1. Could you give the size of the charge dipole of segment 32-137 about its Cα centre, using +1 on the Cβ of each K and R and -1 on the Cβ of each D and E, expressed in debye and rounded to the nearest 20?
2. What Kirkwood hydrodynamic radius do you get for segment 32-137 when you take the inverse of the mean 1/r over all pairs of distinct Cα atoms, in Å?
3. Ranking 121, 37 by Cβ neighbours within 10 Å, fewest first, what do you get?
4. How much length is gained on full extension from residue 55 to residue 91, taking 0.36 nm per residue of separation minus their Cα-Cα distance?
5. Around residue 39, under 9 Å between beta carbons, what's the net of Lys plus Arg minus Asp minus Glu among the other residues?
6. In what sequence do 58, 94 fall when counting other Cβ within 10 Å, fewest first?
7. Considering the dipole of segment 45-139 built from charges on the beta carbon (Lys and Arg +1, Asp and Glu -1) around the Cα centre, which of 48, 121, 111 is farthest to its positive end?
8. Between residue 68 and residue 44, what length comes free when the chain is fully extended (0.36 nm per residue of separation minus the Cα-Cα distance, one decimal in nm)?
Amino acid sequence: MRCNRLLAATAILLSLSGFAHAADTQPAAKNWQQGLSRTDLVREDLGAADREVIQARVDFEPGVTSPRHAHPGVEVAYVISGTFEYQLEGRAPVTLKAGDSLYIPEGVAHIAKNVGQEKGSELATYIVKKGEPVLILKP
């Protein structure tokens, strides 16, 4: 009986040390400031008194989540590569893969997370108010 207890204790210790080792080998999650980059591609006046169109490529490292934010206009997000989960305020989360797109209404707070194992990219098209920041962080 004592031998069985010793074997059980040894098995528990080995399994716990395995979990600790696995945790040590996982890459640290990158915050959005390190793992997210945006490249503006187009910025043009729409001919309306207060609107412009901005198109940008946004690249996310695996596991990176954007900060909660909104835009002073609409956004159409098109997934170029990878898999993303989008969470729009007041809606259930939606998962999009390459070739999928999503309409985000003006002023709606949202986040985007790369839930895939590879770098993911989206093409973001904004039709926004001129002279305002394109991204407004939300608490």
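Just so it is clear, none of the values below were taken in a lab; they were calculated from the coordinates. Owing to the predicted nature of the structure, the values given are computational and were not obtained by experimental measurement. FYI the Cβ positions are ideal-geometry reconstructions off the backbone, even for glycines, and counts take in every protein chain you see.
1. The dipole of segment 32-137 has a size of about 140 debye.
2. 13.8
3. In increasing order of surrounding Cβ atoms, one gets 37, 121.
4. Working it through step by step, the gained length comes to 10.5 nm.
5. 0
6. 94, 58
7. It is 111, whose Cα lies furthest towards the positive end.
8. Extending this stretch completely gives an extra 6.0 nm.
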